[in-house]
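K.L.:
Next up is a structure, given as structure tokens.
The values are calculated or read from the model by the stated rules, or taken from the named source; none is laboratory data. Every value quoted in this text rests on a predicted model; they were computed, and no experiment measured them. Every residue, glycine among them, receives a Cβ derived from its backbone with ideal geometry; neighbour counts consider all protein chains shown.
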Amino acid sequence: MGIDTVAWYAVLAAAHAHDRPGIPAPERAAEAGRLRVPSLQGRAATVTVPDPAAPADGTARYAGVALIRLPDTPGNTDTAFLHLFTVHPAHRGRGVGQELWAEVRAVLAAEGRTSVATLTQQGGTGEKFALHHGAEGALSLMTYVQDVAAGAPSGAGPEPVAATPPAGYGFAVWDGIVPDAHAAAHARAHDAMQDAPTGDLDEQHVPWDIERVRAAARVVVDRGGVMLTVAAVTAADGAIAAYTELVLPTPASVRALQYDTVVLPAHRGRGLGRAVKLRMRDELCARWPGVRDIMTTVADENAPMRAVNASLGYRPESPLGIYQLRL
């Protein structure tokens, strides 16, 4: 039997309201898209624990849900990532988490996975559960939020910066999948992310090529989302020197998600990270005035990107951690 997306979302919404009040909730359409379209270069497995008090008419209701990503790239077929592991607040403290975890372990064993990682809020029930079951902290991060509004001036924040590229550079902007003119350069720029902090995780870096870059954008689009990329390109030959990606889970989202922001090593120290982020903010405000804020996640040890975000007025919102369990 397939997953009932209404019942699935009901668990997520209730858990979010209980655990993270005041923070925009996940959107039903976006969660349905995530269930429908798997992540890049891997398969997805879903696990559910039925609600014992579900009505007798057969209406689906879940007490707990889990979503596992199973990478299929070379060097990663023994790893897994637990994207979601959530118990409905009304069923906590009744063994549902243990039952859900047992089912997840069974999936991992059947798939031959020897390690699993997850991202969860530090200090929350997810972290306590992970540590209790032997997981170890692999990387500490923080979510940061930049408040935006239609017509807000560029550079709002403690260190105003004009949304213009430094001398010798220009901007390129595109929606969705990268156009042919920038595809090869964009793939090379993506590969520069391999020097970003990853902690002590078993999952290995997978090189980016044109096909993979386009496939990653296609996942966002196929799930019903919107993806926008702003790149800084060299005036001399149009090579990509920096880029930033922003995703709206749905066209009606009030919170935008900042994905990668990358400055290639040869072009660092010239303000390109701030420039592409500011141009992205201007594009966002002009195209989607209903968006209230931009959320991004940065590793604690990534001091350069934290400094860029601070200069643009990002404020810390929630501490997160990636935890890994070797099975």
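K.L.:
Anything in segment 148-183 that is at pLDDT 80 or above, assigned to a loop (DSSP other than H, G, I, E, B), within 25 Å of the chain's Cα centre (by Cα) and surrounded by 14 or more Cβ atoms within 10 Å (Cβ to Cβ)? List them, or say none.
P.N.:
Correct list: VAL148, GLY176, ILE177, VAL178.
K.L.:
Residue check, VAL116 against (1) more than 13 Å from ILE322 (Cα to Cα); (2) buried (at least 17 other Cβ atoms within 10 Å of the Cβ), all met but one. Which one?
P.N.:
Going through (1) more than 13 Å from ILE322 (Cα to Cα); (2) buried (at least 17 other Cβ atoms within 10 Å of the Cβ) one by one, VAL116 breaks only (1).
K.L.:
Scanning for something surrounded by 19 or more Cβ atoms within 10 Å (Cβ to Cβ) and more than 28 Å from GLY137 (Cβ to Cβ), does segment 286-302 turn up at least one residue?
P.N.:
Yes; the residues of segment 286-302 include at least one that is surrounded by 19 or more Cβ atoms within 10 Å (Cβ to Cβ) and more than 28 Å from GLY137 (Cβ to Cβ).
K.L.:
Considering only residues of segment 255-266 that are over 16 Å from the mean Cα position of the chain (by Cα) and either touching a residue at least 40 places away in the same chain (Cβ under 8 Å) or part of a strand (DSSP E or B) (or both), which is surrounded by the fewest Cβ atoms within 10 Å (Cβ to Cβ)? Step through it out loud before you land on a result.
P.N.:
At the first step, the residues of segment 255-266 found to be over 16 Å from the mean Cα position of the chain (by Cα) are 263-266.
Filter once more, so that each one left must be either touching a residue at least 40 places away in the same chain (Cβ under 8 Å) or part of a strand (DSSP E or B) (or both): 263-265.
Numbers: VAL263: 25, LEU264: 18, PRO265: 9.
Here the residue is PRO265.
K.L.:
Report, ordered by the first and then the second residue, all pairs with beta carbons closer than 7 Å, sequence separation of six or more or different chains, a first member in segment 207-221 that is touching a residue at least 24 places away in the same chain (Cβ under 8 Å), and a second member that is surrounded by 15 or more Cβ atoms within 10 Å (Cβ to Cβ) and hydroxyl-bearing (Ser, Thr, Tyr).
P.N.:
From segment 207-221, the pairs are VAL219/SER39.
K.L.:
Return the pair list, or none, for Cβ contacts closer than 8 Å from residues in segment 32-44 that are in a helix (DSSP H, G or I) to residues that are hydrophobic (A, V, I, L, M, F, W, C) and buried (at least 18 other Cβ atoms within 10 Å of the Cβ), at least 6 apart or on different chains.
P.N.:
Pairs that qualify, where the first residue is in a helix (DSSP H, G or I) and the partner is hydrophobic (A, V, I, L, M, F, W, C) and buried (at least 18 other Cβ atoms within 10 Å of the Cβ), are ARG34/LEU67; LEU35/TRP8; LEU35/LEU67.
K.L.:
Against the condition farther than 20 Å from LEU272 by Cα, within 15 Å of the chain's Cα centre (by Cα) and not in a loop (DSSP other than H, G, I, E, B), how does ALA215 come out, does it pass?
P.N.:
So ALA215 fails the test.
K.L.:
Now for a separate question. Out of everything in segment 303-313 that is touching a strand residue (DSSP E or B) at 6+ places or on another chain (Cβ under 7 Å) and within 17 Å of VAL263 (Cβ to Cβ), what residue ends up being surrounded by the fewest Cβ atoms within 10 Å (Cβ to Cβ)?
P.N.:
Checking each candidate, the answer is ARG306.
Yes/no per residue for (1) closer than 22 Å to ARG20 by Cβ; (2) touching a Ser or Thr at 6+ places or on another chain (Cβ under 9 Å):
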| residue | (1), (2) |
| --- | --- |
| GLY64 | yes, yes |
| LEU67 | yes, yes |
| ASP78 | no, yes |
| PHE81 | yes, yes |
| PHE85 | yes, yes |
| GLY95 | no, no |
| GLU103 | no, yes |
| ALA109 | no, no |
| ALA130 | yes, yes |
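K.L.:
Determine which member of the set ALA10, ALA60 is outside any loop (DSSP other than H, G, I, E, B) and either surrounded by 17 or more Cβ atoms within 10 Å (Cβ to Cβ) or β-branched (Val, Ile, Thr) (or both). Let's see the steps before the verdict.
P.N.:
Numbers: ALA60 fails: outside any loop (DSSP other than H, G, I, E, B).
After applying the criteria, what remains is ALA10.
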